[in-house]
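Visitor: Sending over a structure as structure tokens; questions will come in a sec.
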Amino acid sequence: MTHHASASTASAGKSHTKRTRLIGLVGNPNSGKTTLFNRLTGLRHKVANYPGVTVERREGRMQGHDAIRIVDLPGCYSLTPRSPDELIARDVLMGWVDGAEPLDGVVVVVDASNLERNLFLASQVAELNLPTLIVCNMMDVVSGRGDAIDLELLSERLGAPVVGTVGSTGVGVDALRSAIDRMVDSTDRSGDEADWQPSESKGIGSLSWQPPHPTLSPKKGAGKAKADGGEGKEAAGGGAENRDKASKGARPAAWHQDERLRRTTSEVAQLVRDHRLIGPAATDALSLLLLSPGALNREDVAHIHLPEACRKTLAAIHERVHAETDGRASAFMHAIQARYAWLSRVVDEVQTRAPEKVTISDKIDRVATHKVWGMAVFAAMMGLIFLSIFSWAEPLMDGIETVMGLMADGVYALLGAGMLRDLLIDGVIAGMGNVVVFFPQICILFLFLALLEDSGYMARAAFVMDRVMAGAGLHGRSFIPLLSSYACAVPAIMATRTIENRRDRLTTILVAPLMSCSARLPIYILMISALFPGNPWLRAGIMFAMYALGTVTALLMARLFKRTILKGPAPSFIMELPPYRMPQIGTALRHMWDRSKLFLTEAGTIIVAISVVLWALAYFPRMETNGVANGAGSPVGRVSPAADEEDAAGVAAIPSPVTAPGEQLRQSYMGRFGRFIEPLIEPLGFDWKIGIGLTASFAAREVFVATMAVVYGVEDDADVESSPLREQIRNAAWPDGRKVYTPLVGISLMVFYVLACQCMSTLAIVRRETASWRWPIFMFAYMTALAYAGSFVVYQGGRLFGWG
Amino acid sequence: MTLDQLTIGQEGRVEQLDASCGSAARLMEMGLVPGTAVRVVRVAPLGDPIDILVRGYHLSLRRSEARGVTVGRVDTAGAAT
């Protein structure tokens, strides 16, 4: 921080016309920050991730001011982070993100209709000694209620300029732009001033505005953001006078009055300075953090190196506070209380309130969270989302498949027969198809999620469902991702970002693929229609049982994970229920687009790469002679004589002629692998041909059906409905003449697909969302083990009962 | 009494937060500090999280979290009991 500050001062002095400025936009969730960001940048911005984490970073140039860039920091409630998002916001503000550009100023967005709570963060940020501008957003809600806010007085009290806006209509945004411009200008002009100097060269307390106690000091008073002319007043004060003014709420740190609290905080601040833990600008913020409960073990201050001596002193201070308050409170809590006491006075001063009325939000909530109607509304909403990702996406996905087919046809026509053509069509284009086919589902789900989030219903959905999810050790917010997972785990896993707690989020990600997604449906249908002819009730019952198995397993595994590898304190459900608001369609569409694009570029590359590898495994080694009709006479790639015989027997049992593609697949590496794992999967009732199907369908579960068609040499576009494939399955036999597919094997196979993570796209998206290969590998391993165990129990257990 | 014992519509004033409870600090940051007036507005359909009005906004929290907040009843006349 220290070097950052001096560096920016130096460069500002030299060439403040050339350098672009970076302004951070920070605020509480639901403060309308993102809408304002879109207004300021005119919806032109870039989205990326912060290095190593999956928190999105949005940055754009301010419209009409190309030299000013704005970065939209994740929403947060305070500078003591509780989620990865809040951690990033805090670290960027403090200048703790490695390699990140320091901020040249901060714009704090405040929901003016919820002033007191929003000012908590605003006042903390204002103390960071960065040029700060405060935006009172949603002023229309304030006036709509018949309230009024004296922005000038507020500005005086907070020691930072205040601008009023209405983000939804754009009122005040021009004024905000010029205020930001002025803030940047004043930073440039004051670049030579010495007040950015580190404390060691200047000495705390030497400034006229410095209060007598070198504590959580209101350095803001001399800051560069004094566009409102409060500087003189602040500078004039000193000592007791200053404190008197403070008690009236005249300065940023005026919340800080209690003698005992002052002593504690000043001790810690002194400690921070003595050990030079951080630059002077952030001393107060770090001091507060070190006062917070369990500060010495907090993960989020881990990268601040605490020398042993410092650690000891700090521990002693914590102990003393603990003793002084009989263990009931901490200095940190005391500081929060003092800040709120001050903010209450400020708000009383600046805000005039009309008598309280029943709001529209309250009226909606009487229905939306009602015992009976609330559940009905929730069920209807979920039904709508579920239906839309399940069925509305269908025509779009068909369209995409048609386009991919046309592309493949084009390549087929352009290139002569050969490996390149096969690679392009069956590897690259098929892989791209595997990526874009998710696009409609992702778009629809994220459009809904954005609209639900913006409207305020998302918080209600979590409120209504929390009790259910708590049973599995999860948070109410896990419900929607798990439900979406019935359609597809990929968008569902992307939707877990709304879960604040890292452990809850990981648990939800890990169990989401257990919900039966739409790609399993073709396998269920194939097995049920081939092996359970007749009784429609039995068929429906089996189908339902598969869905139930996935759901119950997911909830049980979530409980297990929360008690073992992802053990932690019980998830907290401290969540704001924001007022209902009309969602901004532009913001929602933009959000949808950003997410979908990130999926295409990041998960997409992994999926295409795996597709090409799978293609190569099925393509090599090449058969020397094409069009060999007799499987037994195939010259290459026989693993063993035993396999040869078995193959011959298998082929003999099939009445239709074996085609070349089938033969090629059987003797490819993938085919050999299928044979290789046969001893392993035999206890599940599977033969090597199913082994090939299992291997190939790692690309996507529904590939199983097409692969089996190729393996059995069923020609033409074989699909679930094609009776030749069903016939083949019914007739397939082991070398000794036993049928391969008994109803029990069918169930065993379905159970395997319910529980196994046979989906590279899921693994790719988990890799992207957890920013490491550790979790996707773990997911694949535990799900495969679960699937194996499940199938084993079903098949062997069934045989014991004589069903085999 | 504790916050989870208030029934729908009842008002209370926060007296103390249990510092040993992991969520105490966050509850305070969200505005629930000693002296703050709170009202239980509604309870989720399945009986668990509760919705309270604090500093003019709605906050939901689980009963287990509300148990760490000691409150004094404030009846409609405004007298603490």
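Visitor: Say we look at the range A:25-50 and pick out the residues that are in contact with a Ser or Thr (Cβ under 7 Å, 6 or more places away or on another chain) and closer than 25 Å to A:T601 by Cβ; which of these is surrounded by the fewest Cβ atoms within 10 Å (Cβ to Cβ)?
Guide: Residue satisfying both the conditions and the ranking: A:N38.
Visitor: Hey, A:V754 hits all of (1) closer than 15 Å to A:R701 by Cβ; (2) more than 27 Å from the chain's Cα centre (by Cα) but one; which does it fall short on?
Guide: Unmet condition: (2).
Visitor: Shifting gears a bit: Residues in the range A:454-470: is at least one in a helix (DSSP H, G or I) and more than 14 Å from chain B (Cβ to nearest Cβ)?
Guide: Within the range A:454-470, one or more residues are in a helix (DSSP H, G or I) and more than 14 Å from chain B (Cβ to nearest Cβ).
Visitor: Any idea which of A:R505, A:R467, A:R520 is among the charged types (D, E, K, R) and over 21 Å from B:S60 (Cβ atoms)?
Guide: It is A:R520.
Visitor: Then there is this: Out of the residues in the range B:40-77 that are in contact (Cβ under 8 Å) with a residue 40 or more places away in the chain and acidic (D, E), which is farthest from the other protein chains (Cβ to nearest Cβ)?
Guide: B:D75
Visitor: Need the failing condition index for A:S484 against (1) at pLDDT 85 or above; (2) surrounded by 22 or more Cβ atoms within 10 Å (Cβ to Cβ), just the number.
Guide: (1)
Listed here are the residues, each with its yes/no results for (1) modelled with pLDDT under 85; (2) not in a helix (DSSP H, G or I).
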site	(1), (2)
A:L296	yes, no
A:H305	yes, yes
A:A309	yes, no
A:T313	yes, no
A:A323	yes, no
A:R366	no, no
A:S388	yes, no
A:I400	no, no
A:G405	no, no
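Visitor: Suppose we keep only residues that are surrounded by fewer than 21 Cβ atoms within 10 Å (Cβ to Cβ) and either touching a Cys at 6+ places or on another chain (Cβ under 6 Å) or small (G, A, S) (or both) within the range B:32-52. Which one would you say is nearest to A:F573 (Cα to Cα)?
Guide: B:G47
Visitor: Can I ask one more? So, in the range A:549-585, how many residues would count as being within 14 Å of another protein chain (Cβ to nearest Cβ) and of a type outside the set (K, R)?
Guide: Qualifying residue count, the range A:549-585: 13.
Visitor: Same structure again: Please go through the range A:114-124 and pick out each residue that is under 28 Å from the mean Cα position of the chain (by Cα) and at pLDDT 90 or above.
Guide: A:N114, A:R117, A:N118, A:L119, A:F120, A:L121, A:A122
Visitor: For B:E29, indicate whether it is crowded, with 18+ Cβ neighbours inside 10 Å, among the charged types (D, E, K, R) and touching a residue at least 40 places away in the same chain (Cβ under 8 Å).
Guide: Answer is no for this residue.
Visitor: Sticking with this one: Could you tell me whether any residue of the range A:529-536 is among the polar types (S, T, N, Q), in contact (Cβ under 8 Å) with a residue 40 or more places away in the chain, part of a helix (DSSP H, G or I) and touching a helix residue (DSSP H, G or I) at 6+ places or on another chain (Cβ under 7 Å)?
Guide: Checked against the condition, which is being among the polar types (S, T, N, Q), in contact (Cβ under 8 Å) with a residue 40 or more places away in the chain, part of a helix (DSSP H, G or I) and touching a helix residue (DSSP H, G or I) at 6+ places or on another chain (Cβ under 7 Å), the range A:529-536 yields at least one hit.
Visitor: Give just the number: which of (1) in contact with a Cys (Cβ under 9 Å, 6 or more places away or on another chain); (2) surrounded by 18 or more Cβ atoms within 10 Å (Cβ to Cβ) does A:V346 not satisfy?
Guide: Of everything listed in (1) in contact with a Cys (Cβ under 9 Å, 6 or more places away or on another chain); (2) surrounded by 18 or more Cβ atoms within 10 Å (Cβ to Cβ), A:V346 misses just condition (1).
Visitor: Here's a follow-up. What number goes with the only condition from (1) within 21 Å of A:R58 (Cβ to Cβ); (2) surrounded by fewer than 24 Cβ atoms within 10 Å (Cβ to Cβ); (3) modelled with pLDDT under 90 that A:L130 does not pass?
Guide: Going through the list (1) within 21 Å of A:R58 (Cβ to Cβ); (2) surrounded by fewer than 24 Cβ atoms within 10 Å (Cβ to Cβ); (3) modelled with pLDDT under 90, A:L130 breaks only (2).
For every residue, the table says whether it meets (1) modelled with pLDDT of 95 or more; (2) surrounded by fewer than 19 Cβ atoms within 10 Å (Cβ to Cβ); (3) closer than 20 Å to A:P522 by Cα.
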residue: A:P743; (1), (2), (3): no, yes, yes
residue: A:G746; (1), (2), (3): no, no, yes
residue: A:C757; (1), (2), (3): no, no, yes
residue: A:M760; (1), (2), (3): no, no, yes
residue: A:L763; (1), (2), (3): no, no, no
residue: A:A771; (1), (2), (3): no, yes, no
residue: A:F778; (1), (2), (3): yes, yes, no
residue: A:L786; (1), (2), (3): yes, no, no
residue: A:F801; (1), (2), (3): no, yes, no
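Visitor: Across the range A:552-575, what is the number of residues that are at pLDDT 90 or above and either touching a Lys or Arg at 6+ places or on another chain (Cβ under 8 Å) or within 17 Å of A:R467 (Cα to Cα) (or both)?
Guide: 6
Visitor: Answer yes if at least one residue in the range A:533-543 is modelled with pLDDT of 85 or more and of a type in the set (S, T, N, Q), and no otherwise.
Guide: Within the range A:533-543, none of the residues are modelled with pLDDT of 85 or more and of a type in the set (S, T, N, Q).
Visitor: A follow-up question, please. Which of the numbered conditions does B:E15 fail, given that it passes all the others? Conditions: (1) under 28 Å from A:E324 (Cα atoms); (2) crowded, with 18+ Cβ neighbours inside 10 Å.
Guide: Every condition holds for B:E15 apart from (2).
Visitor: Can I ask one more? Please note which strands (runs of 3 or more DSSP E) are completely contained in the range B:22-63 and include at least 1 residues that are under 12 Å from the mean Cα position of the chain (by Cα) and hydroxyl-bearing (S, T, Y).
Guide: Strands (runs of 3 or more DSSP E) meeting the threshold: B:57-61.
Visitor: Same structure again: Could you check, for the range A:367-377, whether at least one of its residues is of a type in the set (A, V, I, L, M, F, W, C), within 11 Å of chain B (Cβ to nearest Cβ) and in contact (Cβ under 8 Å) with a residue 24 or more places away in the chain? Let's see the steps before the verdict.
Guide: At the first step, the residues of the range A:367-377 found to be of a type in the set (A, V, I, L, M, F, W, C) are A:367-368, A:372-373, A:375-377.
Narrowing the set further to residues that are within 11 Å of chain B (Cβ to nearest Cβ) leaves A:368, A:372-373, A:375-377.
Filter once more, keeping what is in contact (Cβ under 8 Å) with a residue 24 or more places away in the chain: A:368, A:375.
The answer is yes; a qualifying residue exists.
The values are calculated or read from the model by the stated rules, or taken from the named source; none is laboratory data. This is a predicted model, so every value here is computed, not measured. In this analysis, Cβ positions are derived from the backbone assuming ideal geometry, glycine residues included, and neighbour counts consider all displayed protein chains.
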